[in-house]
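Worksheet for the structure shown next.
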């Protein structure tokens with residue numbers, strides 16, 4: 001039995017606040033699992049508007065929809081565990097990923113089940129500091145076991 005979660009990527013330009021991509025994750029959805037891995041993945045990313053040859057390297061995303069698809073590309077390697085889902089899907093833990101353009105920082109919110117009040121709201125670094133237990137989660141690991149990262 002897994003600890004299920006959702007990960008939703010939001011575009012700051014959307015007035016409706018509907019995620020550009022909603023994902024369902026089957027296992028290790030708690031903050032020290034999926035939360036820390038998501039935060040570590042986001043920590044060295046930047047969102048830009050438009051791109052040139054100097055920004056074609058890893059670490060840049062041309063908007064939040066580009067970032068969301070990069071996340072899928074890097075984390076969906078095998079059958080199972082990570083799925084696209086509908087925007088109203090709620091699980092045991094629900095992650096919202098937003099980008100604060102003014103401060104050039106990502107903001108992650110974590111809510112439990114149907115509760116809209118976040119148990120955490122902060123930057124990837126703050127999430128790592130609060131929840132990292134020294135183990136990592138790898139979405140595409142064939143045996144779904146913890147690996148030290």
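The values are calculated or read from the model by the stated rules, or taken from the named source; none is laboratory data. None of these values were measured; they are calculated from a predicted model. So basically every Cβ, Gly included, is an ideal-geometry build from the backbone, and we count neighbours across all protein chains shown.
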From 96, 73, residue being without any contact (Cβ under 8 Å) to a residue 24 or more places away in the chain, out of contact with any helix residue (DSSP H, G or I) (no Cβ under 7 Å at 6 or more places or on another chain) and under 17 Å from residue 20 (Cα atoms)
73
Residue 141 vs (1) assigned to a loop (DSSP other than H, G, I, E, B); (2) under 14 Å from residue 34 (Cα atoms); (3) at pLDDT 95 or above: all pass except (3)
What residue, among those in the range 45-70 that are over 12 Å from the mean Cα position of the chain (by Cα) and assigned to a helix (DSSP H, G or I), is nearest to residue 22 (Cα to Cα)?
65
Tell me, yes or no, whether the range 89-106 has at least one residue that is outside any loop (DSSP other than H, G, I, E, B), out of contact with any strand residue (DSSP E or B) (no Cβ under 7 Å at 6 or more places or on another chain) and on the phi < 0 side of the Ramachandran plot.
yes
Go through the range 107-118 and count every residue that is outside any strand (DSSP E or B) and in contact with a strand residue (DSSP E or B) (Cβ under 6 Å, 6 or more places away or on another chain).
1
Identify all residues within the range 71-88 that are closer than 30 Å to residue 115 by Cβ and either more than 11 Å from the chain's Cα centre (by Cα) or not in a helix (DSSP H, G or I) (or both); write none if there are none.
74, 76, 80, 81, 82, 83, 84, 85, 86, 87, 88
Quick check, is residue 28 closer than 25 Å to residue 130 by Cβ, in a loop (DSSP other than H, G, I, E, B) and in contact with a helix residue (DSSP H, G or I) (Cβ under 7 Å, 6 or more places away or on another chain)?
yes
State all residues of the range 70-81 that are surrounded by fewer than 14 Cβ atoms within 10 Å (Cβ to Cβ) and on the phi < 0 side of the Ramachandran plot; if no residue qualifies, say none.
73, 74, 77, 78, 79
Subset of the range 123-138, residues at pLDDT 95 or above and either in a helix (DSSP H, G or I) or at positive phi (or both), comes to 124, 125, 126, 127, 128, 129, 130, 131
Give the residues of the range 32-44 that are under 12 Å from the mean Cα position of the chain (by Cα) and not in a helix (DSSP H, G or I), sorted by residue number.
43
Out of all the residues in the range 108-119, which are in contact with a helix residue (DSSP H, G or I) (Cβ under 8 Å, 6 or more places away or on another chain) and surrounded by fewer than 18 Cβ atoms within 10 Å (Cβ to Cβ)?
119
